[in-house]
Number of protein chains: 2
Amino acid sequence: MGDPARRAELYDALAQTGKALSSGKRLELLDLLAQGERSVDALAKTAGLGLTTASAHLQTLKQAGLVTTRREGVRIHYRLAGDDVAALSTLLQHVARTRRAAADRARTAYLGPDDTEHLTREQLLERVRAGTATVIDVRPAEEYAAGHIPGALSVPLDQLEARLPELPDDVEVVAYCRGANCVLAHDAVRLLTTRGRRAVRLVDGMLEWRLDALPVESGAA
Amino acid sequence: MGDPARRAELYDALAQTGKALSSGKRLELLDLLAQGERSVDALAKTAGLGLTTASAHLQTLKQAGLVTTRREGVRIHYRLAGDDVAALSTLLQHVARTRRAAADRARTAYLGPDDTEHLTREQLLERVRAGTATVIDVRPAEEYAAGHIPGALSVPLDQLEARLPELPDDVEVVAYCRGANCVLAHDAVRLLTTRGRRAVRLVDGMLEWRLDALPVESGAA
DNA sequence: GGAATCCTCCATCAATCCATGGAATATTGT
DNA sequence: ACAATATTCCATGGATTGATGGAGGATTCC
């Protein structure tokens, strides 16, 4: 039934890709890269890693073929090798949350109590069509520019308080951010509701929207 | 932007599931379990592992929530926790093959030169409907019984040579086995063609058929 | 109750992985 | 050519993982 040694080699080769997904730091880097390409030190800073540590993890991801690099002058930009990689990371995280209670608990501990109401992607599309919702993208402006939900307003979380007057107060506000592990939309909805606005968040975020093949618009606000 | 310590905990918790997928032995066990439940020593024997080693790997998978156990008398049967686990394993392997040439090379080294023609699932369904193909399942009989393509004949590979006369020689024979890494169908097609039969194999195998939500029939031959 | 079977738990040693700091490399600007 | 910036490479020590053999638990059969 086939050469056992070669079979072991095959599965070990496949497991290299699993190894790449076996570190929390690397999953975090992949989540960041799912929003668009980034330089090494941008990634290190955002993820709170030492520069050499970040570089080492990125090398691991690169050797696994999950990311590719592009040099631009003195700096090197990493990006996901393809949407299948984002899909793999998403499915892994979904299975982790579904099948391991500890993972789901860690998620609520980070995101805060899941007290905020959320919409599905379909519900959001419906309400936008009906004009009963304003959609805001609370990620940093660069990420909005790299791709956002059509018609969404860019209101980075740290500007939300100051720009509250800009938001219409007669319709519901729907906030979204990066994806399943992004805390920004949760915080935004909490802030908005304490200010007496009707606010809900989109389930997950931009990553899942894109993987769902829904329309994406790009360019600055 | 959220407590960094809790974020690290979240991603580390998610990475536990990645860790479970970071060993070739464990991927192999998952591939076997995707065909149906198995006892520990059946798995150990099939995968060529020591009993304690197999048990340890299975504990790891269980802690990751990827498999569940069921006791039946003196023996313990492991099974996949759900089809999402099979889908995750499949996607991981697909990404590995697509993104890492080394993994693809290891695959051809194990399966043998990919000289045999193969059909897609749709092509198979078409030909069966048109009556221009006989489908044979070359996995061990127990796996056939646990679920097979409707209308397929159970002809385990080790019986194929002896049962050649049973196969009609006026239509093409389509062989399939477990999945993307299963060598049985490759071997079956090679054997059949050297005997002058027209034989092709189904791309992938039973696992992908089932994940594709195509109809499955169960029960012994 | 006692033996047999199947599996898990524990201890151990070797191998691997991770974080980190310092040296080396590549590119740009002067 | 030289300095500055961004990144990778390398060496090191500490932690984790993997394989394995033997002891311990659970269940069934006699």
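Remarks
- Scanning the stretch A:119-148 for residues being of a type outside the set (A, V, I, L, M), under 17 Å from the mean Cα position of the chain (by Cα) and part of a loop (DSSP other than H, G, I, E, B) gives a total of 4.
- For the stretch A:13-46, a residue qualifies if it is facing chain B (nearest Cβ under 10 Å), within 10 Å of DNA strand C (Cβ to nearest atom) and in a helix (DSSP H, G or I), and the qualifying residues are A:Ala15, A:Gln16, A:Lys19, A:Ala20, A:Gly24, A:Lys25, A:Arg26.
- The residues of the stretch B:184-196 that are more than 14 Å from B:Asp137 (Cβ to Cβ) and out of contact with any helix residue (DSSP H, G or I) (no Cβ under 8 Å at 6 or more places or on another chain), listed by number, are B:Arg190, B:Thr193, B:Thr194, B:Gly196.
- Selection count where residues are surrounded by 15 or more Cβ atoms within 10 Å (Cβ to Cβ) and either over 14 Å from A:Gly24 (Cα atoms) or touching a residue at least 24 places away in the same chain (Cβ under 8 Å) (or both), scope the stretch A:47-62: 8
- Test: residue in the stretch A:136-149 that is under 17 Å from A:Arg198 (Cα atoms), more than 14 Å from chain B (Cβ to nearest Cβ) and out of contact with any Pro (no Cβ under 7 Å at 6 or more places or on another chain): yes
- Count of the stretch B:47-60 residues which are among the β-branched types (Val, Ile, Thr) and facing chain A (nearest Cβ under 10 Å): 0
- Residue within the stretch B:170-180 that is part of a helix (DSSP H, G or I) and hydrophobic (A, V, I, L, M, F, W, C) present: no
- Taken over the stretch B:80-105, the residue count meeting the criterion of being polar (S, T, N, Q) and at the interface with chain A (Cβ under 8 Å from one of its Cβ atoms) is 2.
- The criterion of being touching a helix residue (DSSP H, G or I) at 6+ places or on another chain (Cβ under 7 Å) and without any contact (Cβ under 8 Å) to a residue 60 or more places away in the chain holds for A:Val173.
- Filter pass, A:Glu117 being assigned by TED's automatic domain parsing to the domain that holds A:Arg201, within 26 Å of B:Ala15 (Cβ to Cβ), at pLDDT below 95 and away from DNA strand D (no atom under 13 Å from the Cβ): no
- Odd one out for B:Asp158, checked against (1) more than 24 Å from B:Ala96 (Cβ to Cβ); (2) away from chain A (no Cβ under 14 Å); (3) of a type in the set (Asp, Glu): (2)
- Consider the stretch B:60-92 and keep the residues that are touching a Phe, Trp or Tyr at 6+ places or on another chain (Cβ under 9 Å) and not in a strand (DSSP E or B). The one that is nearest to DNA strand D (Cβ to nearest atom) is B:Leu61.
The values are calculated or read from the model by the stated rules, or taken from the named source; none is laboratory data. These figures come from a predicted structure and were not determined experimentally. Every residue, glycine among them, receives a Cβ derived from its backbone with ideal geometry; neighbour counts consider all protein chains shown.
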